[in-house]
Structures are given as structure tokens and as C-alpha cells.
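One structure is given here, and the rest of the page talks about it.
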Amino acid sequence: MIEVEDLTKFYGDFPALRGVSFRVERGEILGFLGPNGAGKTTTMRILTGFMPPTSGRVRIAGYDVFEESLDARRHIGYLPENVPLYPEMTVVSYLRFVAAVRRVPNPKDAVERIMERLNLDDHADVIIGKLSKGYRQRVGLAQALIHDPEVIILDEPTIGLDPKQIIEVRELIRGLGGEHTIILSTHILPEVSQVCHRVLIINEGEIVAEDTPEGLTARLKGGERIFIHVADEANGLTEVLDSIDGVQEVTHVSDGKYEVTCTLGRELRPVIARALIENGWELLELRPIAMSLEEVFLKLTTE
């Protein structure tokens, strides 16, 4: 649905993007991450036809974004970080205007449907300039979705929303996945874990990682990690664990607490539990140690 091939963009002599390539399949939700200045916004502007690349190619729903620009844009809904709204218009008049520009069939029904979906019904006749930031963000989402696009590109969609609204928008995005292909750029890393099927991390204009959130975590850890807590200080426990096939390293954390690194793909928790019990140690806790997406992000963008 989205194909990006060898995308390069120079601002003068500065390379904002350097050979970026990726695909997003139909119905997939892709989390697009990177520090400030990494090239996220430049990539999104190129994908939506807002600016041309120096070289490379982008296809949206089978259409070349620059050779078949209008056809490609008909399949795109875009919510930029700074939502393009007309503050002097009412919510309903603005959405009717957008529907007309987009040549949406049955525009009146489309406006009513999207306002109901985003809980904007009670604010239909409110002037946009008088709306709270959260409701302005909802209007921005409405203009991106009103023509029911196949591809949706969202830049910080939950910025400025209160916790209840954030939950609602995340549920909306999850609901759109499957029917729509979505690229979600956000600085809220737990949001990616909760919403996205796959993560793409960009740094200094280059793709540094692309995988599921779980896959990234496993790759960077270099192995599965397990936390163990036994009742008393256990003499000889390290040696027992080291003798288990698949155990790479045992680290003593504090009294009775250990971290065990195991070979990726090996489920050793039952084996470890059995070894501890057979040797007479009272097992209080045994659990996998998860590496947070924040740790993954920092490791990939700072090393």
C-alpha cells in the first residue's frame, strides 16, 4: 500500500534523508519514531506530496506521489503536527468545506458520520477559534478521515488531548487498522506499543531499526532475560544455573535476587524452576524481564 524506495532529501548540502526505503502493507499500523531532526517530518511531507525528494520514489495505493500526484492524494488522509484549520469557521462549515474540496460523495452524510465518530456533534456550530486544543485536534482528525482514505498519515495525533481523549483516539486508530493503512508518528513511546503492529526508527536520516516492538526488544537484549528471587542467599545457585543448556549469563543482583540471560527463542523458565526446587531453594519469584520501548529507542538513537 505504501512503497518507499531509496528516498534521499538534501537541504543545501545537508542530507535530511539518506537512502530511506520501507513498505507498509494494507491494514498495517506502522509506528514512525525518531529524535527531533531525524527526518520524520521530511519523510511525511514527501509521502503526502507536500515536497519533492532529491531522489527516490514513493508509491501510495499503487500511484506515484509525484507523477500521479492527484490520484495518490485522493487515497491519503493527513493530520500534520500543526493542524490546518480556519479559526473563523464553525466546525460543521469547515468540514463541509473540506468534503467539497475532497469531492466526497454525499458530503452532508459524510460530515454527520465523521462528527458522530469523533464526538463533535455537540460542537457543530462552535467557531473553531473558540475550541479547546483537544477539540481542535479532533477537528483535524475529522478532516483527515472525512473522505475515508485508504492511507492515513498521523503526526502526533494525541498531542494536547486529555487522558480520556487520548484513550478514545487510540481506540479509534486501532479500529481504523485493518481497513486502513496507517503511519503514526509520535513521541509517546507507550502509544506505539499499544497501537502499532510494527515500528520503524529513523536517526540522522537513516533507518536504524524496523521490526515489531517485541522483536526490537528481543534483538537488542541479545537474549531473553529472567528475574529470579529465592528466599535466602543461595550458595551454589549460580553454578547450577550456569550448567543449564541455553543459559548464557547469571548475574547476582542482591540477596536472593538474580538475573539470567538465556539464548533467544529458548523457553527455560520451567527448566530453571525445576532446577531450583530440586536443589531445595524456595522460589519466591520467577518472571521475564522486559526491555521497554524507551530503552530500545535510546539505545538505537544514541549509540
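Using 7 Å Cα-to-Cβ label points, what is the E214/Q248 separation (nm, one decimal)?
The two pseudo-label positions are separated by 1.9 nm.
Using amide H atoms built in the peptide plane, which far-off residues or other-chain residues are under 5 Å from A16 H to H?
When sequence neighbours closer than 5 places are left aside, the close amide H contacts are K9, F10, Y11.
What share of the DSSP beta bridges in the chain is antiparallel, in percent to the nearest 5? Don't jump to the answer; show the numbers that get you there.
On the way: 37 of 55 bridges.
The antiparallel fraction comes to roughly 65 percent.
Please list, or write none, the aspartates and glutamates whose alpha carbon is within less than 19 Å of the alpha carbon of K164, excluding same-chain residues fewer than 8 places away.
E116, D121, D122, E156, E191
For region 253-263, just list the computed ³J(HN,Hα) in residue order, Karplus coefficients 6.51, -1.76 and 1.60, θ = phi - 60°, integers in Hz, with x standing in for Gly and Pro.
So the J values, rounded to whole Hz, are 8, 6, 3, x, 10, 9, 10, 10, 9, 10, 4.
Provide the FRET efficiency to the nearest 0.05 for the I188-A273 pair, computing r from the beta carbons and using R0 = 45 Å.
Details: r = 36 Å, r/R0 = 0.81.
Taking R0 as 45 Å, the efficiency between I188 and A273 is 0.80.
Let me spell out the model: positive unit charges on the Cβ of Lys and Arg, negative unit charges on the Cβ of Asp and Glu, origin at the Cα centre of the chain. What dipole size does that give, in debye rounded to 20? Each step should come with its number before you reach the end.
Details: 33 positive and 48 negative charges, 267 e Å.
For this selection, approximately 1280 debye.
From a point 7 Å beyond the Cα of N119 in the direction of its Cβ, which residues of region 159-203 have a backbone N at a distance under 16 Å?
From region 159-203, the list is 159-175.
Enumerate the calculated ³J(HN,Hα) couplings along region 27-32 in order (Karplus 6.51 cos²θ - 1.76 cosθ + 1.60, θ = phi - 60°), each rounded to whole Hz, writing x wherever the residue is Gly or Pro.
The phi angles translate into x, 8, 10, 9, x, 10 Hz.
Would you please give the residues with an amide H less than 5 Å from that of R198, counting only those at least 5 places away or on a separate chain, with H modeled from the backbone geometry?
Sorted by chain and number, the residues that satisfy this are I29, G31.
Taking the beta-carbon count within 10 Å as an exposure proxy, list E112, E239 from fewest neighbours to most.
Numbers: E112 15, E239 9.
Going from sparsest to densest Cβ surroundings: E239, E112.
Could I have the simple spin-label model distance between E259 and D148, label points 7 Å from Cα toward Cβ, reported in nm to one decimal?
Between E259 and D148, the label points sit 5.1 nm apart.
A short reminder: the numbers here are calculations on the coordinates, not readings from a lab. Keep in mind the model is a prediction, meaning the values are calculated, not measured. Note: ideal-geometry Cβ built from the backbone for every residue, glycine included; neighbour counts use all protein chains shown.
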